[in-house]
Every structure is written in C-alpha cells, then in structure tokens.
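Single-structure report; data block below.
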Amino acid sequence: MTHAIWTPQTVGTDVERAVHITKSLLGYGVLAGPFYVVVSLTQAITRDGFDLTKHPWSVLANGDIGWIQTTNLILTGLMVIATAVGMRRLLTGGAGGTWGPALIGVFGLSMVAGGIFTADPVDGFPAGATLPAEPSLSGTLHFACGAVGFVCFAIACFVIARRFAGHGWALYSRITGVAFLLSFGVIATGPGVGVLIFTAGVLAAFTWLATTSARLYRRADR
C-alpha cells in the first residue's frame, strides 16, 4: 500500500490550481453582462416590430427565433451562477462571504428560469401581436422569477458592500443595489421612460457585476 507524499511543491500546485479555478469562475462575471447585452441589442435592432422604448428585452423570447433570447437568458444565468461560486470561494470566511454570493446565485437561477418561462407577447411584438387579456402561466412565472432575482441581486449589492466597508466601492455597490431595485419597480409604469429606466438598471447591474468580478479577480492571487 502506497501513501501520497505531500511536499511543499505539491501543496503549492494545489493552491495554484484552486486560484486558477476561482479566477476562471470570476471571469464569467466579466463576460455575462456584455454577452447578454450584445445578444439582446443585436436582436432588438434587427427584429421586426421591436421597439427599445416600449418593449423589455425579455419579450424577444417570443416569435419564430425566440429561442435565441431564451438561450441568451439561460447561458447568461449560468455564467452568473458560476460567478457566484467564484465569489463564494474567494470571500469565504469574511464579511458578506456567504449570503452575498448566494444571493447572486439566486439571481442567476432567476435568469435561467426566466429563459424557461417565456414572457408574454406585448402590443406590437412579435409584429402584429397584442397584449393578452390575461397573463399566461408562463408569463406570470417569468415575472415572478424576475422579481425574486432582482430583489436578491439588490440585497447582494448591500451584503457584498460590507466587504468593502470604508472604501468607495461600498458606496458604489449600495447605489447600484438601490438603482437596480427601483428600475424594476419603474417598469410597471409602462412603455417609454419606464422601459428605458428599466434597461438602464439592467446595464448598471451587469456593469457592477463585471467590475466587482474584475476587482475580486485581481485579489485572487493575494
């Protein structure tokens, strides 16, 4: 019977491998937002009937090629979940190290669920469609999952801000959390300013995720 011999070199290799995995997972946090935004905007400006001032991006999952946005939501959600795992690996044992990543993970799960449960058509999209008199089960679940995910992300911004207490990043995190939550509430006001503010909130959230992931990525080697 042989026994593994643990040498300083072996331990060092294991540590390097763990750091590499953590950094790879955090890298998805940098990619998730740009991926989601580029795929969504490409469809928004090319699909007949879609109006950026009237329609939220999630309704792009309707129509003959709605599978593109469905896939976009699911893949982006999986990247956010991977980011949450990376955050958990790096922040474990410190302030915000448990609940912050967990809440980010729930947000990722909500995006996956939002891809599975398609939003209802809206007036004008797909081209010629009208808003259903009553929301479908899929549309209701889509909204409910989004609501849970948005709230969890906003809270996560405050929880993770504790990790950066005393630094400007903590204030930035809290502002992002408030802005993201308010933008979700504004979408209920309807098309026009409401949709644009909601879109701005989504962009702000993914910007925070990318910049925070990049910040943590640089700290992973320490």
Please go through (1) open to solvent by less than 10 Å² (accessible area, probe 1.4 Å); (2) under 20 Å from Leu203 (Cβ atoms) for Phe50 and return the number of the only condition it doesn't satisfy. (1)
Subset of the range 155-182 [modelled with pLDDT of 90 or more and open to solvent by less than 40 Å² (accessible area, probe 1.4 Å)]: Ala156, Cys157, Val159, Ile160, Ala161, Ala170, Ser173, Thr176, Gly177, Phe180
Exclusive hit being touching a Leu at 6+ places or on another chain (Cβ under 7 Å) and open to solvent by less than 50 Å² (accessible area, probe 1.4 Å), set Gly105, Gly96, Gly100, Gly63: Gly100
If only one of Ala188, Ala200 is in contact with a helix residue (DSSP H, G or I) (Cβ under 9 Å, 6 or more places away or on another chain), modelled with pLDDT of 80 or more and either open to solvent by less than 70 Å² (accessible area, probe 1.4 Å) or assigned to a helix (DSSP H, G or I) (or both), which one is it? Ala200
Within the range 128-150, restricting to residues that are in a loop (DSSP other than H, G, I, E, B), of a type in the set (Gly, Ala, Ser) and open to solvent by less than 60 Å² (accessible area, probe 1.4 Å), the one that is farthest from Ile65 (Cα to Cα) is Ser136
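Return the total of residues in the range 203-222 being assigned to a loop (DSSP other than H, G, I, E, B) and open to solvent by 20 Å² or more (accessible area, probe 1.4 Å).
The number of residues fulfilling the criteria is 2.
One line per residue, one yes/no per condition, for (1) over 30 Å from Phe164 (Cβ atoms); (2) among the aliphatic types (A, V, I, L, M); (3) modelled with pLDDT of 95 or more; (4) assigned to a helix (DSSP H, G or I):
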site	(1), (2), (3), (4)
Ile68	yes, yes, yes, yes
Thr71	yes, no, yes, yes
Arg88	no, no, no, yes
Leu103	no, yes, yes, yes
Met111	no, yes, yes, yes
Asp120	yes, no, no, no
Cys152	no, no, yes, yes
I need the full set of residues from the range 127-150 which are aliphatic (A, V, I, L, M) and at pLDDT 90 or above, in order please. Leu137, Leu141, Ala144, Ala147, Val148
Hits in the range 124-143 (condition: in contact (Cβ under 8 Å) with a residue 24 or more places away in the chain and either in contact with a helix residue (DSSP H, G or I) (Cβ under 6 Å, 6 or more places away or on another chain) or over 15 Å from Val112 (Cα atoms) (or both)): Gly124, Phe125, Pro126, Ala127, Gly128, Ala129, His142
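The values are calculated or read from the model by the stated rules, or taken from the named source; none is laboratory data. Every value quoted in this text rests on a predicted model; they were computed, and no experiment measured them. Backbone-built Cβ (ideal geometry, glycine too); neighbour counts: all protein chains shown. For the accessible areas, the whole protein counts, side chains as well, though only heavy atoms, and no ligand, DNA or RNA atoms are used. Shrake-Rupley method; radii C 1.70, N 1.55, O 1.52, S 1.80 Å.
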